[in-house]
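Asker: First the structure, then my questions, so here it is.
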Amino acid sequence: MGIRDRDYMKRPSDDDGDSGSSSDSKAEQIAQRILQKYSRLFVYCGIGLVILIVVALIVAKFSGGGH
């Protein structure tokens, strides 16, 4: 029986993070790919959302100020 026949040599090591990825890390990888591919889109959507909130606040102030 040689060193290559030992059981611990055949099993993958537990400290290797790439071989045993969990569902969380897969979701993180997918999210990271989406953010890299559409990074400008999320920036523009964020700016548009801020502008929409400001406009809604201005409209609410002028429409409710008459009372």
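Asker: Give Lys26, Lys61 a once-over and let me know the one that is among the basic types (Lys, Arg), at pLDDT 90 or above and surrounded by 10 or more Cβ atoms within 10 Å (Cβ to Cβ).
Answerer: That would be Lys26, the only listed residue that is among the basic types (Lys, Arg), at pLDDT 90 or above and surrounded by 10 or more Cβ atoms within 10 Å (Cβ to Cβ).
Asker: Write out, first by first residue and then by second, each pair whose Cβ atoms fall under 8 Å of each other, whose residues are 6+ apart or on separate chains, and whose first residue, in region 25-42, is free of Cβ contacts under 8 Å to residues at least 24 places away in the same chain while the second is among the aliphatic types (A, V, I, L, M) and surrounded by 10 or more Cβ atoms within 10 Å (Cβ to Cβ).
Answerer: These pairs meet every condition: Phe42/Leu35.
The values are calculated or read from the model by the stated rules, or taken from the named source; none is laboratory data. All figures in this text were calculated on a predicted structure; none of them were measured in a lab. Reconstructed Cβ throughout: ideal geometry from the backbone, glycine too, with neighbour counts over all protein chains shown.
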